[in-house]
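Read through the structure below, which is laid out as structure tokens, and then see the notes.
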Amino acid sequence: MSASSNTSPKPGKLIVVSGPSGVGKSSVVDGVLAHPGAVFSVSATTREARPCEFDGEDYFFVDEAGFDELITDGRLLEWAEYGGHRYGTPRDSVLDHLAAGEHVVLDIENHGAHQVKKAYPDAVLVFILPPSLEELQRRLRSRGDTSEESILRRLSVAAEQIDDATATFDHVVVNDDLETAISQVVSILWGPTPTGDPVGASGDDTEE
């Protein structure tokens, strides 16, 4: 057996992507996950599985008592309650991926991002910023499924999130052009190549 076969892989990075509603955060995350070596963290939740969802693939589905146990045992990097159900990031699953040399991507809001940073200081916090609040408002209105009251409420929350992120996050990426924003986040994970292009951003990838 060669010496190289005994070498453990270089640990991956844990990157937390946050951003206001309507900024295109999910599209950026999807673009990053299209690159080999990046995996999405599967959350634990107390809500019931939908017919098209599978345990361990879409979510780790647990009951209330089971979620309480995860919190008590310190097995969640972060957790929060939305719509009457609790959601959290399992610590062991994330650490296993990192130990295998994979980069783990979390898609959570600012409060959860700070919880993760406290629990795992090496986590990299990235905030997806709109070009302006006016542009964010335009994007929210263009959906056509959001009430005026909800739009104003989301804009107010967005302003608070932006103030927090610009003061505390490791990186701020403006999503003015989706491909550029994805490229910038990819560069944070893998670093630029000698040509200045992020790893994985080859011509072959764009042709597929």
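Brief remarks on what is shown
- For the residues Phe60, Phe54, Phe67, the requirement of being over 26 Å from Leu129 (Cα atoms) and touching a Gly at 6+ places or on another chain (Cβ under 8 Å) singles out Phe67.
- Residue among Val29, Val23, Val105 that is under 16 Å from the mean Cα position of the chain (by Cα), under 28 Å from Thr180 (Cβ atoms), of a type in the set (Val, Ile, Thr) and part of a loop (DSSP other than H, G, I, E, B): Val23
- Any chance Ile71 is touching a residue at least 12 places away in the same chain (Cβ under 8 Å), β-branched (Val, Ile, Thr), out of contact with any Phe, Trp or Tyr (no Cβ under 6 Å at 6 or more places or on another chain) and farther than 19 Å from Leu189 by Cβ: yes
- Residues (over 24 Å from Lys118 (Cα atoms), surrounded by fewer than 19 Cβ atoms within 10 Å (Cβ to Cβ) and not acidic (Asp, Glu)) located in region 156-182: Ser156, Val174, Leu178, Thr180
- Residue satisfying all of: in region 84-97; modelled with pLDDT of 95 or more and in contact with a Phe, Trp or Tyr (Cβ under 9 Å, 6 or more places away or on another chain); farthest from Tyr59 (Cα to Cα) among these: Leu95
- Of everything in region 183-208 that is at positive phi and loosely packed, with under 11 Cβ neighbours inside 10 Å, the residue that is modelled with the highest pLDDT is Gly191.
- Single residue of region 170-184 satisfying the filter (among the β-branched types (Val, Ile, Thr) and in contact (Cβ under 8 Å) with a residue 12 or more places away in the chain) that is farthest from Val105 (Cα to Cα): Val174
- Here Leu106, Leu136, Leu129, Leu125 are screened, and the one residue that is among the aliphatic types (A, V, I, L, M), crowded, with 21+ Cβ neighbours inside 10 Å, under 16 Å from Gly19 (Cα atoms) and at pLDDT below 95 is Leu136.
The values are calculated or read from the model by the stated rules, or taken from the named source; none is laboratory data. Just so we're clear, the structure is a prediction, and the values are computed from it rather than from any experiment. Methodologically, a virtual Cβ is constructed for each residue, glycine included, from the backbone with ideal geometry; neighbour enumeration extends over all protein chains shown.
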